[in-house]
Every structure is written in structure tokens, then in C-alpha cells.
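Bear in mind these aren't lab numbers, they're just calculated from the coordinates by the rules spelled out. Everything numeric here is computed off the predicted structure, so don't read it as measured data. Please note: Cβ atoms are built from the backbone with ideal geometry, for glycine as well, and neighbour counts cover all protein chains shown.
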Amino acid sequence: MPLAALMLPILAAVAQAGVPPPVSSPTPIIVTGRGGVPFISPMGEPIRARTPSEDTLARWFGQVDRNRDGFLTPEELQMDAERYFDILDTNHDGQIDPDELVHYEWTVAPEIQVNSRLRRARAPGEAPPKADAETTNERNHGPARGRDRYKLDDGPQGAGRYALLNLPEPVAAADADLNRAITLEEFRQAALDRFALLDKRHERRLTLQELEALKPVLSANGKSHKRRDEEPDDRVGIPLPPGN
């Protein structure tokens, strides 16, 4: 006799007794990284290749260069920030709140996570752990030397591995007053500040070639170049002196 036929009398008896049938456990949330190495824009948008040979930085530049003059201006980067802010502000209340930030970090751009294998996915609506709020500033502006959690000796962290600027979490980094809510004005100001960092010649315009020179060099597995112990540290303006 088929199994389904055997189960019917049992289910009928359960229903008559007023006992609800067993409920299966909720499906766990799984965060899955996307294929390929993305380019993370200055405002945190992941640009993923549609073909194996596509230049994702060039594609993003073409979208932001609205007048097609071959130059990226502060105003154009601000317009791009406004466009992306509207995407991240899913409830359209004028700010990127903690839940929307979690959605960005776990769903929109999971590649930016640092040590993501040590973090569990949160259920929808679940508040971030207290430790997340306490370490927001550290995540946004870079780790302290010597901490085991994020090691500077391993090179750029989070989104900095795929971006023009070494900002581990570029969206959260726009929270200027650290109140865990990012307004459109904060996001617009962050665009200007980041343009100034990229505009090393202070010309108020950037070419694709200039930006290509700032793009991090990744190996085939998507990892950044790892320095040898004797190699000078050129991640800051002046190399650090060799150790004793």
C-alpha cells in the first residue's frame, strides 16, 4: 500500500482530536557569495561582470558619466549617490536604517563581509547584536593594528578589496554622526568627500584611466596581493621603517 494512503487515516485522526499537525522548522537564512570578482563603487554598489572579460569599473564609469564627456565630476558622483541611496532606502523614509544596512551587507553585497564565515545570518527584523553597534566605527574606518579580528597586514578589508578606496563598509561609513541611520545629505556629503580622496591632482574631474590605476590588483582567486615581510609598506603616504 502506498505511504500516502497509510498516512491519511493518521492525519484525519489528528484533525478530529483538534491537535494541529507538526510544523516543520523554519528554513535557515543562508548568505551566499556571488560568483566572480565584483567592482565596488565609491558609494558601495557592487558591479558584477556580465561576461568573463567585462571591465566592471569601465561599465560603472559609463553609467555615472552622464554627459559622456569622458570625465567624472563631483556632481556626477553625487547624482550616483542619490540614485543608489534610493535603492538602499527600501521603505523610502529618507534614511538607511539598521535593517536596511543589514540587508545591504548580507544580501546586496555579501562580498564585503570580513570573516563572514564566523558570523551567522540574522532573521528578518532581528536586531543586530550589540557587538555590531559597538564596532561600527571600527568597521567603517578601518581596524586597529594588532587586533586578531581584522589584520591590516592582510591588506584591504571588506569592500576595500574590490574598490578604489579602502573602506571596509562604504555605506555604513557615510554615517557621519554615528547614530546608525544614514540620511541622504550624509550620503551626498560622503560622495563629495570620496571624490576629493580620488581627485589627487585637485582638478575636480577624473578620467577612467586615473581610476583604473587605483583599482586593487587581485589574484585569480579574488584575494589581494600579500606583502612579504621585507617588502615596504606603501599603503600610507610614507612607507613605514623596517623593523628591528
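Where in region 78-111 are there chymotrypsin sites (Phe, Trp or Tyr not before Pro) that are in a DSSP coil and have at most 12 other Cβ atoms within 10 angstrom of their Cβ?
Values: sites: Tyr84, Phe85, Tyr104, Trp106; in loops: none.
Answer by residue number: there is no such site.
Mind giving me the nanometre distance, one decimal, between the label points for Arg68 and Glu212, set 7 Å out from Cα along Cα→Cβ?
2.0
If you stretched the chain out fully between Arg204 and Asn91, how much longer would it get, using 0.36 nm times the residue separation minus the C-alpha to C-alpha distance? Don't skip to the end; give the middle numbers.
Numbers: separation 113, 0.36 × 113 = 40.68 nm, distance 3.39 nm.
Value of the extension gain: 37.3 nm.
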